[in-house]
Amino acid sequence: MAEPRTIAEQDVTRLVQVHQVAVWRYLRYLGATAELADDLVQESFLQLLRSPYEDRGDAACAAWLRTVARNLYVKSFRRPPFEAAELDQIEAAWATFAEDDSGDERLRRLQACLEHLDGRARQVVRLHYEERRSRRDIGMRLGIGEDGVKSLLRRTRTVLRACIERKGEGA
């Protein structure tokens, strides 16, 4: 069996370019804030630099980095926000979501689906997700109640989910 080499012998820049965004998205998926995800991604790569490294391919490296990031995320709380079984379920959901490209294809499908939204559906998405407006504020702007905003968001997410899935079937 070959002796593990240190990461200094590997192309560190390439590993960061290939895996940084995916690890950051994974941490956000777990619930980390953007700032915490930034810190934990950096710490994950530092651990990679400190450890004996054996190149087993990008998929193995991605899995290792996610495991490190997940453990760092859990340690960032005094009391973990999830039980181990819940984290396993989240990990399985992430694998389904991210497929083989860290979620890039799903994001492309979402962008295409968003372009087909019009009227109130487009407005509610823009106000809620881009401008981070409250339901109350959105309701006042659209002339509907807070419950109406909640229902409109739910219906719009359902439409977007179906559109993303349809586009995935054609891929």
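Coordinate-derived values only; no laboratory data. Note that the structure is predicted; figures quoted are calculated from it, not measured. FYI the Cβ positions are ideal-geometry reconstructions off the backbone, even for glycines, and counts take in every protein chain you see.
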Check: Simple spin-label model, 7 Å along Cα-to-Cβ: V18 to E105 in nm?
Finding: 1.9
Checklist line | Acute angle (nearest 10 degrees) that the helix 34-50 long axis makes with the longest principal axis of the chain, alpha-carbon atoms | finding: 20
Note to self: Using a 4.7 Å cut-off between beta carbons, which cysteines in the chain end up with no partner cysteine at all?
What the structure shows: C61
Notebook entry, point to check: Cα axis of helix 104-115 to longest principal axis of the chain: angle in degrees, 0 to 90, nearest 10?
Noted result: 10
Check: If you line up the long axis of helix 84-98 against the longest principal axis of the chain, both from Cα atoms, how many degrees apart are they, to the nearest 10?
Finding: 80
Check: Counting other Cβ atoms within 10 Å of each Cβ, which trypsin sites (Lys or Arg not before Pro) in region 90-171 have at most 14 and sit in a DSSP loop?
Finding: R132
Margin query: Expected output is a single nm value to one decimal: the length gained when fully extending between L142 and F77, i.e. 0.36 nm times separation in residues minus the C-alpha distance. What is it?
Written below: 19.5 nm
Checklist line | Contour excess over end-to-end distance, with Cα ends at T67 and A34 and 0.36 nm allotted per residue | finding: 10.0 nm
Margin query: Can you compute the helix-only [θ] at 222 nm over the chain? Use -39500 (n - 2.57) per DSSP H run of at least 4 residues, normalise by all residues, nearest 500 deg cm²/dmol.
Written below: -23000 deg cm²/dmol
Checklist line | Efficiency of FRET from Cβ geometry, A95 and S51, R₀ 30 Å, rounded to 0.05 | finding: 0.85
Item checked: Net charge of Cβ neighbours under 14 Å - reference K150; Lys, Arg +1; Asp, Glu -1 -> +4
Next item on the list: Report the label-to-label distance for K150 and H116 in nanometres (one decimal), using points 7 Å from each Cα along the Cα→Cβ vector.
Entry: 2.9
